[in-house]
1. What is the Cα centroid distance between the stretch 292-358 and the stretch 360-377, reported in whole angstrom?
2. Which length gain, in nm to one decimal place, applies between residue 61 and residue 411 when the Cα-Cα distance is subtracted from 0.36 nm times their residue separation?
3. Applying a 10 Å radius around every beta-carbon, put 140-153, 182-195, 96-109 in order of their mean neighbour count, most first.
4. Rounded to the nearest 500 deg cm²/dmol, what is the calculated helix-only ellipticity per residue at 222 nm for the chain, with -39500 (n - 2.57) per DSSP H run of length n ≥ 4?
5. Order the peptides 426-434, 280-288, 388-396 from the highest to the lowest mean number of other Cβ atoms within 10 Å of their residues.
6. If the chain between residue 366 and residue 248 were fully stretched, how many nm would it gain, using 0.36 nm times the residue separation less the Cα-Cα distance?
7. Rg/Rh for the chain: what does it come to with C-alpha atoms and Rh from Kirkwood?
8. Relative to the present Cα-Cα distance, how much length would full extension add between residue 205 and residue 153 at 0.36 nm per residue of separation?
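Coordinate-derived values only; no laboratory data. Predicted model, so just to flag it, every value in this text is computed and none were measured. Quick reminder, even Gly has a Cβ in these numbers, built from the backbone with ideal geometry, and neighbours come from all protein chains shown.
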């Protein structure tokens, strides 16, 4: 904490013409308090800071302690303070001290310790006196305490308070993949390490001690992108059925994974962001589409994706025939998207349209009839969703109306499932929804990973 150092001066408050202030003490001081015609403060001195008092009536300056103190508080004939002196607090210990205000001669001794800070590396703060008790804030557990100055009894006034976790610096949308009864996820509150949560037993274990993202499970292998030093990204696979050591597949930055017929399709972010394919062991790597794409999905022998438009983070839907490598756009005027999922022969997607593509709705595209249909557009912005039977569970990313909602494709009814909830990477498994609390570009949400019943009751599962 930066201390503001000032000389002490005075002016007459009832003067009609306020003139230049009068210098009273030619010292750098802080933490000024007053009582009964006496000023108390900490003097900042090159030979060491200390607490002093100044009697206004006789202009006498008296050194009270050898301690540097903050949060000076008068209680009767005693001055209480938080000891922040580098020397004395190291020798005697940090905490709350007191010194008698009745001292008439200079003293070069420390004050008397009243309350010890059990966590010596942290300072106490915000000292206040009321009705026989000192109140103070303890930094290390972020709690308010009281101390009876007669008995010395300290009470934790916020005993049930749990320290809020600091927001994870990764602050990403996370990554998930499911296998049988388990869901694999990136634990953003454990440095992005890979965890496995068994939805039947509740067992939650760390799988690898490295930051990962872009998970994909194919047969009994988990493919994941390992992130080192925030920028180096390599593709590994792990046999989650039989165990063993992770196997390096590619040193390229392989994103947007989709695996089909023993081929890995991905965006090569190491190169020029092309759409590539390679064998499961990383061999036979080749470019199959020379444009940046994302949201890869295979359906009936075709690879569907969004071609990045380079504008507003969205683009047109495309399909690529995997047997011929021919690509064609599913392109309609005033119709772009940033996210889609398949249900049968229909693609359900977030449609962006209008001036600047600022209007959004939930739409469908029939790949057999080429028909585009808006199915729900009432304050709706489905930025992430998962399909459960005939219901689409989605995060509604509308300012003032953030929620997990569901749209019934049979009845055309829309229902809010979890109000004031931010969600991304919604995933369905064993009659529950899983999601990261992440919304509006990471501005809102706490970044944790949650399990939610279909009725909207959420439980955090990413505990270390």
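1. Each part's Cα centre sits 12 Å from the other's.
2. Taking 0.36 nm per residue and subtracting the Cα distance, the gain is 117.6 nm.
3. My ranking of the peptides, most packed first, is 182-195, 96-109, 140-153.
4. Mean residue ellipticity at 222 nm (helix-derived): 0 deg cm²/dmol.
5. With the highest mean Cβ count within 10 Å placed first, the list reads 388-396, 426-434, 280-288.
6. Between residue 366 and residue 248, full extension yields an extra 38.6 nm.
7. 1.18
8. 14.5 nm
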